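Student: One structure is given below, represented as structure tokens, and several questions about it will come after.
Just so it is clear, none of the values below were taken in a lab; they were calculated from the coordinates. These numbers were taken from a predicted model, which means no experiment stands behind them. Cβ atoms come from the backbone with ideal geometry, glycine included; neighbour counts cover every protein chain shown.
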């Protein structure tokens, strides 16, 4: 051993420990223990070195050796509690003994309260005792952020049991909370946030404030977090997004909940199966109702109801009718026809020659990107333009919606056919849109709006017949002195399409989305069975 005295060596080890040379301090404590194996302080300090060196098993053995020699040293008891151990390790006896030694030790009271709260379960008497310990700890050391946070967490947990609450809060998911408990939790976390230098307590405050409907307060707490976060912090963008959402108030909360359902409605592929279509429709319907004022359970009850096959079919149809009245702008993008199914390319090619014979030229191949998600499939649209009468679009699609809501019933009856369409459209300078197309399963008639002049030809009308009839109609209106808006680009077609869609949206919403005659044409022999439920679902969507 060195010529230094044991006391000097101990002091040397203490200096090394303070300077974070834990290995050096450990070597000295090992040296001293070789001469003094019954020294509880030496085992204690050796255990502290081993903790810092991340050698927990050896640290446990060292601290247990110290406890075997001296159980009346509170720092030793706390160190052993903090170190923990195997699943069967019970810190309560050590903490209760520490309390008996130092009844007013705030750290002991805090740890004892924390452990008791975890162990009490639903035992109200033990819980009350643990809270009394925690309250006393806060009296003795009111600057302990973790103690305020612990009590806040307990109040937050209590808030989830709203039975017997005098005041309640109901969130957008239909869950009910004890308002008094939430307010108590917010008060405690606010104290913790004021004491701590981290953001976790501000985050809890923001979430609690949002639950209580105080979006302004929630926004302030997010601002506190942003003020502390480094510019390159990985979670800064998330906090900024949450802050901006809260700044929008309840509308922001509704938008966030609706987006969750919209994300569930989205599919990785643009090609949806029938089952995926149904799932998509319900989730989109819930999202719509939540955005407009309903909570999730109310929306699901209104849309799904008894979960019967007829009920689900009615929901699906009602949502598609609603979507038709809120159809998005087309957002046309130019594409390569080679990327689309053969049946779509074949129809586009089949229309090209007869269109050319009537003076139309091929403008380009596009996809209506704004409609792809609601259609549940990618659709190739071949655009044609005529120097005198505007544009035309040829497209083929599986019997999906929008525009083909009858596909649900067609599937049930086995009439599952691909729809092949050619639609000619002319925009006049006075704002009137004239359209011509062969009849399909689409039951809607928008001619009630004076800006729409649409004619449906027999279902078996050929592309040549559709084009000839449209040319006749346009020439007749030209003869009345009206002028046609020329089309020379995909961008112009997109603009005219979007304008026509806006007119239809306004018209559909104004008449309640679908007339009785259209409903009968849509449902046929199924009208009496489904119409009432569809109306109820549609009213739920439209009234929120």
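Student: For the pair residue 14 and residue 180, what calculated FRET efficiency results from E = 1/(1 + (r/R0)^6), where r is the Cβ-Cβ distance and R0 = 35 Å, to the nearest 0.05?
Tutor: For residue 180 and residue 14, the calculated efficiency is 0.10.
Student: Counting other C-beta atoms within 10 Å, which of 200, 108 has the fewest, and how do the rest follow?
Tutor: In increasing order of surrounding Cβ atoms, one gets 200, 108.
Student: Suppose each label sits 7 Å from its Cα in the direction of the beta carbon; what would the residue 543-residue 502 distance come out to in nanometres?
Tutor: My value for the distance between the label points is 3.1 nm.
Student: What's the whole-number percent of alpha carbon pairs in region 6-89 lying beyond 14 angstrom?
Tutor: Of all Cα-Cα pairs in region 6-89, 59 percent lie more than 14 Å apart.
Student: Per 0.36 nm of contour for each residue apart, how much would the distance between residue 4 and residue 30 grow if the chain were fully extended, relative to their Cα-Cα spacing?
Tutor: Value of the extension gain: 7.8 nm.
Student: Please give the contour-minus-distance gain from residue 220 to residue 240: 0.36 nm per residue of separation, less the Cα-Cα distance, rounded to one decimal in nm.
Tutor: Residue separation times 0.36 nm, minus the Cα-Cα distance, leaves 6.0 nm.
Student: Next question. Please give the helix 309-324 orientation as an angle from the longest Cα principal axis of the chain, in degrees from 0 to 90, rounded to the nearest 10.
Tutor: Helix 309-324 sits roughly 70 degrees off the main axis of the chain.
Student: On a 0 to 90 degree scale, rounded to 10, what angle separates helix 106-120 from the longest Cα axis of the chain?
Tutor: With rounding to tens, the tilt is 50 degrees.
Student: Using a Förster distance of 25 angstrom, determine the FRET efficiency expected from the C-beta separation of residue 170 and residue 126, and round it to 0.05.
Tutor: 0.20
Student: Between residue 136 and residue 475, what length comes free when the chain is fully extended (0.36 nm per residue of separation minus the Cα-Cα distance, one decimal in nm)?
Tutor: Going from the current span to full extension adds 112.9 nm.
Student: A follow-up question, please. With a ≥ b ≥ c the root eigenvalues of the C-alpha gyration tensor of region 195-342, is it rounded (a/c under 1.5), prolate (a/b larger than b/c) or oblate?
Tutor: Oblate, since a/c reaches 1.5 and b/c is not below a/b.
Student: Let me ask another. Express the relative contact order of region 6-89 as a whole percentage, based on alpha carbon pairs under 8 Å and six or more residues apart in sequence.
Tutor: After rounding, I find 22 percent.
Student: Relative to the longest principal axis of the C-alpha atoms of the chain, give the angle of the C-alpha long axis of helix 250-265, reported between 0 and 90° and rounded to the nearest 10°.
Tutor: 70
Student: Then there's this: Go ahead and run the numbers for FRET between residue 356 and residue 326, Cβ-Cβ distance against an R0 of 41 Å, rounding to 0.05.
Tutor: For R0 = 41 Å, the calculated efficiency reads 0.65.
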